[in-house]
1. Over the chain, what relative contact order in percent results from Cα pairs under 8 Å that are six or more residues apart?
2. So, with +1 on the Cβ of K and R and -1 on the Cβ of D and E, and no other charges, what is the size of the charge dipole of segment 367-450 about its Cα centre, to the nearest 20 debye?
3. Taking all pairs of different Cα atoms in segment 386-429, averaging 1/r and flipping that mean, what Kirkwood radius in angstroms comes out?
4. Compute the length gained on full extension between residue 159 and residue 233: take 0.36 nm times their separation in residues and subtract their Cα-Cα distance, giving the result in nm to one decimal.
5. Scan around residue 394 for amide H atoms under 5 Å from its own, H built in the peptide plane at 1.01 Å from N, and keep only partners 5 or more places away or cross-chain.
6. Nothing charged except the Cβ atoms of Lys and Arg (+1) and of Asp and Glu (-1): what's the magnitude of the dipole of segment 63-218 about its Cα centre? Round to the nearest 20 debye.
7. First check a/c for segment 63-218, with a ≥ b ≥ c the square roots of the eigenvalues of its C-alpha gyration tensor; if it is under 1.5, answer rounded, and if not, answer prolate when a/b is larger than b/c or oblate otherwise.
8. For the chain, what is the charge dipole size about the Cα centre, in debye to the nearest 20, if Lys and Arg each add +1 at the Cβ and Asp and Glu each add -1 at the Cβ?
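A short reminder: the numbers here are calculations on the coordinates, not readings from a lab. Keep in mind that this is a model prediction, so the values were computed, not measured. Backbone-built Cβ (ideal geometry, glycine too); neighbour counts: all protein chains shown.
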Amino acid sequence: MADSTNAVPPLVAQLWGGNWPDADEANELLDELYYQRAIHAYITMLPALNVIGLRDGSEREFGAGYHVLPIWKDRMDSRAWVPTPNADVIYSMSYLDLKATGPLVVAAPSNVIGMFTDFFQRTITDVGAIGPDRGRGGLYLLLPPGYQGHVPSGYFAFTSSTYNVFLFFRTVMAPGPNGPDPAPAVANAERTRVYPLWKEEKEVVPMQFPNGSGKRIDMMYPTDTTYFDKLKAFVDHEPIEAITPELRGVLASIGIIKDQPFQPTEAQQASLERAVHTAPKMLMAMRLQGRPDGRHLYYSDRQYLHAWGGATAEFMQDSYLDIDQRGTFFQIAYSSAPAMAMHSINAGSKYPYAIRDADGDLLNGSNQYRLHLPSNPPAALFWAVTLYNATDGTMPETAQLMPSINQLDNVDTNDDGSIELYFGPTKPPTVPDKNWIQTVEGRPFMCAIRFYGSTIEFYDQTWRPDDIVKAD
């Protein structure tokens with residue numbers, strides 16, 4: 001019979017032989033835990049900080065208020081630092097604060113492709129063909145969290161989980177003689193009206209539609225420890241219920257508690273500084289290496305990637321919230337709506353994108369590339385191809401300013417209707433100007449293909465884009 005007089009429980013044996021750690025080691029462990037929690041807070045709160053960056057940059061340039069709706073009337077270009085913007089539609093973006101105004105009515109024009117989201121970028125509702133107005137336009141009523149007042153009939157009424165609401169409308173340009181004509185899309189966007197539900201007409205502040213085009217504007221989320229300061233301000237502003245208790249516990253563990261001072265020690269400040277530099281590197285590593293389950297691949301035989309990784313617009317997989325996929329998405333993009341993730345035929349939009357060429361090599365701005373698009377791209381509205389910086393999804397700034405080509409650009413086509421597009425630091429002499437996008441030499445880039453009004457051929461994969469190849 002074995003002698004058990006010296007036997008100890010396993011954790012006693014594992015942890016310092018049943019003793020306490022010394023004070024120095026205990027402090028090191030607590031510093032490491034604080035740092036790990038800061039990493040977790042960064043990644044899980046990136047959807048909110050992403051849109052806070054958009055709001056703060058916009059309001060610095062254009063001012064704040066429900067009546068201010070900046071519109072990029074001459075299209076958005078690389079001087080606007082925004083994650084994966086679309087230069088091929090007219091953008092209207094504003095930031096509403098239901099805590100300040102109470103319920104707001106938004107009169108949406110017809111034929112908008114848009115959405116309202118809360119400040120975790122969870123969709124409140126799509127607007128347009130996929131929304132309840134079905135592209136006809138209509139009156140949307142946005143109610144603040146916990147609203148107990150009367151809800152009148154006649155509106156598309158929705159309650160937001162956060163006081164802050166992101167309004168994001170896109171209007172489609174018309175064909176012009178030399179390319180897309182933004183004027184009708186701008187005029188349509190300027191029909192938007194926003195006003196408090198209980199104000200009379202004479203009390204409503206008139207709408208302002210400042211032009212965002214041509215301006216150098218930084219709308220990105222912070223890259224220093226102000227990330228956590230802005231997070232603290234957000235936590236203080238929003239109702240407790242806007243953040244789950246478990247995530248509020250993570251935030252509390254780094255000192256971010258609603259309506260309490262946020263005063264990190266010198267050591268904690270150093271950990272926050274380290275986290276805000278390491279967390280985005282971790283997200284980039286995830287994007288580089290891909291998913292073990294392969295859900296990030298759009299096709300079985302192509303390099304194109306799926307930004308949602310097969311999740312819903314809320315980043316739900318079958319049995320879990322895909323926080324890694326969500327984090328990698330909001331590092332380089334903003335806005336996630338059902339119209340982007342559902343298989344909506346002849347409506348909504350799809351965005352396969354590539355970071356590698358046909359050989360599996362990372363796309364690099366020093367090289368020359370060719371992209372072949374077979375005839376009849378599966379887009380009921382239009383298709384577009386845009387290049388972005390690989391790190392953050394901003395547009396690479398070159399002499400071209402707008403690194404995008406779309407269906408209305410009158411590109412040269414082959415006899416069979418297929419299209420050859422070229423990317424590189426200099427234009428090959430035989431390539432038409434309108435079929436070429438300039439890259440930044442030495443800098444990696446991503447290539448996104450957009451299909452607005454994606455058709456059944458896209459979902460059946462009977463139409464697929466060729467991989468990008470190195471050009472001679």
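1. This gives 18 percent for the chain.
2. Using Cβ point charges on Lys, Arg, Asp and Glu, segment 367-450 gives about 140 debye.
3. Result for segment 386-429, one decimal place: 12.4 Å.
4. Length gained between residue 159 and residue 233: 24.4 nm.
5. It is 84, 389, by chain and number.
6. The dipole magnitude comes to about 40 debye.
7. Note, shape of segment 63-218 comes out prolate.
8. Dipole of the chain, to the nearest 20 debye: 1240 debye.
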